[in-house]
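The values are calculated or read from the model by the stated rules, or taken from the named source; none is laboratory data. Everything numeric here is computed off the predicted structure, so don't read it as measured data. Using ideal geometry, Cβ is built from the backbone for each residue, glycine included, and neighbour counts are taken over all protein chains shown.
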Amino acid sequence: MLRLIDFLSYLIQLYVYVVIAGVILSWLMAFGVVNPYNQTVRAIWQGLNAVTEPLLRPIRNMMPNLGAIDISPVVLLLLCFFVQSVVLGSLRDLILASG
């Protein structure tokens, strides 16, 4: 069971990296550093959006409109860190205490 918790923690950490990569790529595209019409950039962008949008969209719907500022990735990262440290940490402690 501890291996499953470690694996879930690893997946959450990997997802955190994907969210950060999506944020950085959106900044690079917004400031004109990378060309969003480039086929490779567009493929990477669509892949990152396919993975992150299912969790970012409900957060954006619940948050107030802040104009051009999108803090939904920050909220998602905080939720990921909460699940990783508190929820999975508590489960790990519970399993270690009972075994």
Practice task
Return yes when residue 42 is surrounded by 13 or more Cβ atoms within 10 Å (Cβ to Cβ), on the phi < 0 side of the Ramachandran plot and charged (D, E, K, R) and no when it is not.
Solution key: yes
Problem - Matching residues, the stretch 9-30, being aliphatic (A, V, I, L, M), without any contact (Cβ under 8 Å) to a residue 60 or more places away in the chain and closer than 24 Å to residue 91 by Cβ - result: 11, 14, 18
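Yes/no per residue for (1) of a type in the set (Gly, Ala, Ser); (2) farther than 30 Å from residue 94 by Cβ:
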position	(1), (2)
7	no, no
32	yes, yes
40	no, yes
52	no, yes
61	no, yes
78	no, no
Practice task
Among residues belonging to the stretch 1-22 that are in a helix (DSSP H, G or I), touching a helix residue (DSSP H, G or I) at 6+ places or on another chain (Cβ under 7 Å) and hydrophobic (A, V, I, L, M, F, W, C), point out the one that is surrounded by the fewest Cβ atoms within 10 Å (Cβ to Cβ).
Solution key: 2
Handout entry: Which numbered condition residue 38 misses (of (1) over 25 Å from residue 14 (Cα atoms); (2) modelled with pLDDT under 95)
Key = (2)
Practice task
Taking residue 94 as the residue in question, decide whether it is in a helix (DSSP H, G or I) and exposed (fewer than 15 other Cβ atoms within 10 Å of the Cβ).
Solution key: yes
Practice task
Consider residue 50 carefully, then state whether it is within 22 Å of residue 10 (Cβ to Cβ) and either among the charged types (D, E, K, R) or exposed (fewer than 10 other Cβ atoms within 10 Å of the Cβ) (or both).
Solution key: yes
Exercise for the section: Identify the residue in the stretch 23-66 that is closer than 22 Å to residue 80 by Cα and outside any helix (DSSP H, G or I) and, among all such residues, is farthest from the chain's Cα centre (by Cα). Expected result: 64
Fill in the blank from the handout: Residue count, the stretch 54-70, condition under 13 Å from residue 23 (Cβ atoms) and either loosely packed, with under 12 Cβ neighbours inside 10 Å or at pLDDT below 95 (or both), comes to 2
